[in-house]
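Notes follow the structure.
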Amino acid sequence: MLRPDSPEPDPEPLTRGGLAHAALRDTLEGLRERTGSARVTTARLGLARELLGESLARHEPEFPLSVRAERVPSARRRLEADLERYLTHAAGAATGGDAEGAPLEPKWLELGFGFDDEEGALPALDLGGGVRLRGRIDRIDVTPAGEAVVYDYKGARVTPGARWIEDGKIQLALYMRAAERLLGVRVVGGLYQPLGGVDLRARGVLDATAGVGVECVRTDLLDTSEIEALVRDAVGLACAAAAQAVAGAIEARPLTCAYTGGCSHPAICRAAR
């Protein structure tokens with residue numbers, strides 16, 4: 001009833017992600033307020049970096065990057081460097097790059113749904129079978145024609161659409177369905193956007209017939225029917241998982257129980273493989 005906080009500090013990757021999300025939201029909202037557009041372009045890159053630095057300083061007390069004080073300055077600098085590098089990448093993509101088609105404008109940032117205690121939050125998404133979904137979508141970009149692409153920020157590792165079902169990475173597919181149903185927009189893509197690593201290209205799925213100006217890997221381009229089938233399969237997988245949880249059907253799954261696949265505790269696991 002009291003919902004007490006855990007006495008343990010949040011893991012460093014979690015606080016780093018929270019700070020990154022807050023800083024990017026503030027940066028894009030600041031660009032929109034100052035220029036009328038939240039798009040990061042070469043002309044706005046200097047302002048975007050300025051807004052980013054201000055937001056990091058403002059939110060850092062909420063998201064301590066380490067419990068060890070001596071690690072905080074280097075962790076903050078690494079995060080700031082990664083986010084500045086991403087802004088530079090985004091500016092290049094917005095002003096040309098390899099993308100052709102209609103430009104995308106960030107419209108919804110950190111959009112929550114299903115949180116009854118938040119003012120203005122959208123309702124939960126009914127997936128059917130008594131399953132309701134809530135979540136927070138990092139970003140939704142739209143074209144002048146109203147076509148939408150859903151983005152989810154990640155660290156350095158992202159999952160292409162071809163592996164979503166196999167790897168159980170269905171969060172973005174569910175968010176695509178939520179945006180479509182709750183906002184009434186035509187969703188033509190869902191992309192995991194890495195904020196670190198060597199390759200900053202977003203991975204996921206994009207409708208090849210939509211004509212959206214997004215730089216992506218060619219194998220992520222699918223037909224409309226293929227994307228709809230993928231989202232439908234993701235919804236089915238989520239509902240099946242929920243039904244198993246309700247039924248108490250919990251079993252050892254050593255081939256897939258770790259976040260990145262495989263066994264979480266191979267040294268002590270006794271389950272048959």
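Tabulated results
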{"item": "Estimated D of segment 12-94 in µm² per second, where Rh is the Kirkwood radius over Cα pairs and Stokes-Einstein applies at 37 °C, 0.692 mPa s", "result": "254"}
{"item": "Radius 15 Å from Cβ of residue 245, net charge of other residues (Lys, Arg +1; Asp, Glu -1)", "result": "+1"}
{"item": "³J(HN,Hα), Karplus 6.51/-1.76/1.60, whole Hz, each residue of segment 241-258, x for Gly, Pro", "result": "5, 5, 5, 5, 5, 5, 7, x, 7, 9, 9, 6, 9, x, 7, 9, 6, 6"}
{"item": "Helix-only [θ]222 nm of the chain, DSSP H runs n ≥ 4, -39500 (n - 2.57) each, per residue, nearest 500", "result": "-12500 deg cm²/dmol"}
{"item": "Segment 183-223 and segment 3-79: distance between their alpha carbon centers, rounded to Å", "result": "24"}
{"item": "Point-charge dipole on Cβ atoms (K/R +1, D/E -1) for the chain, about Cα centre, debye to 20", "result": "580"}
{"item": "Percentage relative contact order, the chain, counting C-alpha pairs under 8 Å, at least six apart", "result": "14"}
{"item": "Residue 127 long-range amide H proximity, modeled H, under 5 Å", "result": "132, 133"}
{"item": "Phi-based couplings in Hz for segment 60-77 (Karplus 6.51, -1.76, 1.60; Gly and Pro marked x)", "result": "4, x, 6, 10, x, 6, 6, 7, 9, 4, 5, 8, 4, x, 5, 5, 5, 5"}
{"item": "5 Å binning of all Cα-Cα separations within segment 105-247, expressed as whole percents from 0 upward", "result": "2, 10, 20, 23, 21, 14, 7, 3, 0, 0"}
{"item": "Segment residue 243-residue 2, extension gain: residue separation times 0.36 nm, minus the distance between their alpha carbons", "result": "83.9 nm"}
{"item": "Antiparallel DSSP beta bridges within the chain, percent to nearest 5", "result": "60"}
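Throughout, read-outs are computed from the coordinates displayed, never taken from laboratory work. Keep in mind the model is a prediction, meaning the values are calculated, not measured. Methodologically, a virtual Cβ is constructed for each residue, glycine included, from the backbone with ideal geometry; neighbour enumeration extends over all protein chains shown.
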